[in-house]
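For reference, the structure discussed in these notes is given below.
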Amino acid sequence: MLRSARHAKILEIISHKEIETQEELCAELNALNYVVTQATISRDIRDLHLFKVAGIEKKYRYAYINDGESEISPKMKNLFRDCVISVKAAQNLVVVKTLSGNGANAGAVVDKLNHEEIVGSVAGDDTLLVVCLDNVAAQTVVNKISEFIK
């Protein structure tokens, strides 16, 4: 199967089912005659920029933000507001503390802000580190995020 077809099928699956693990996604694809391994699924998840959000039936599920959309959906705004604990500047860095398991979710939203003063970001389990051009830019980003979560 072509990678693009597999990616499209993955996006379809996660939009209709709460998939919590790579193994579950692998089983779903194999049931549809897509012969994949967990390693393939892991690469696909990275390539598609999937992240986990709180699910209804399960603890967490895979989700996707359409990179073609410049606007942040109301659902993502609410998730961001609910998961961010604090935002602080440290010189040209911004540290965003989140609830456990939400660092990547916060990173996805900050990346969507497309703020010209953000050089890049790195997400962990409960922390997002945002690298800014300088100290002034970092404070601007803190103010923007703080306003965003009000």
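The values are calculated or read from the model by the stated rules, or taken from the named source; none is laboratory data. Keep in mind that this is a model prediction, so the values were computed, not measured. Please note: Cβ atoms are built from the backbone with ideal geometry, for glycine as well, and neighbour counts cover all protein chains shown.
Within segment 1-33, the set of residues being among the aliphatic types (A, V, I, L, M) and over 12 Å from residue 61 (Cα atoms) comprises 1, 2, 5, 8, 10, 11, 27, 29, 31, 32. Identify the residue in segment 1-43 that is assigned to a loop (DSSP other than H, G, I, E, B) and among the hydrophobic types (A, V, I, L, M, F, W, C) and, among all such residues, is modelled with the lowest pLDDT. Per the criteria, the residue is 1. Among the residues of segment 44-62, is there at least one that is part of a loop (DSSP other than H, G, I, E, B) and in contact with a helix residue (DSSP H, G or I) (Cβ under 6 Å, 6 or more places away or on another chain)? No - not one qualifying residue is present in segment 44-62.
Among the residues of segment 90-134, just one is polar (S, T, N, Q), at pLDDT 95 or above and surrounded by fewer than 16 Cβ atoms within 10 Å (Cβ to Cβ), namely 91. Looking at segment 89-108, can you tell me whether even one residue there is of a type in the set (D, E, K, R) and out of contact with any strand residue (DSSP E or B) (no Cβ under 7 Å at 6 or more places or on another chain)? No, segment 89-108 contains no residue that is of a type in the set (D, E, K, R) and out of contact with any strand residue (DSSP E or B) (no Cβ under 7 Å at 6 or more places or on another chain).
Name every residue in segment 80-89 that is surrounded by 19 or more Cβ atoms within 10 Å (Cβ to Cβ) and not in a strand (DSSP E or B), in order of residue number. Selection gives 80, 83. Give the residues of segment 93-140 that are within 14 Å of the chain's Cα centre (by Cα), farther than 24 Å from residue 47 by Cβ and of a type in the set (D, E, K, R), sorted by residue number. Residue satisfying the conditions is 126 alone. Is at least one residue of segment 89-96 out of contact with any Phe, Trp or Tyr (no Cβ under 8 Å at 6 or more places or on another chain) and either closer than 27 Å to residue 10 by Cα or assigned by TED's automatic domain parsing to the domain that holds residue 50 (or both)? Checked against the condition, which is being out of contact with any Phe, Trp or Tyr (no Cβ under 8 Å at 6 or more places or on another chain) and either closer than 27 Å to residue 10 by Cα or assigned by TED's automatic domain parsing to the domain that holds residue 50 (or both), segment 89-96 yields no hits at all.
Here's the yes/no breakdown for (1) over 26 Å from residue 60 (Cβ atoms); (2) in a loop (DSSP other than H, G, I, E, B); (3) among the basic types (Lys, Arg):
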| position | (1), (2), (3) |
| --- | --- |
| 100 | no, yes, no |
| 105 | no, no, no |
| 109 | no, no, no |
| 116 | yes, yes, no |
| 119 | yes, no, no |
| 128 | no, no, no |
| 146 | yes, no, no |
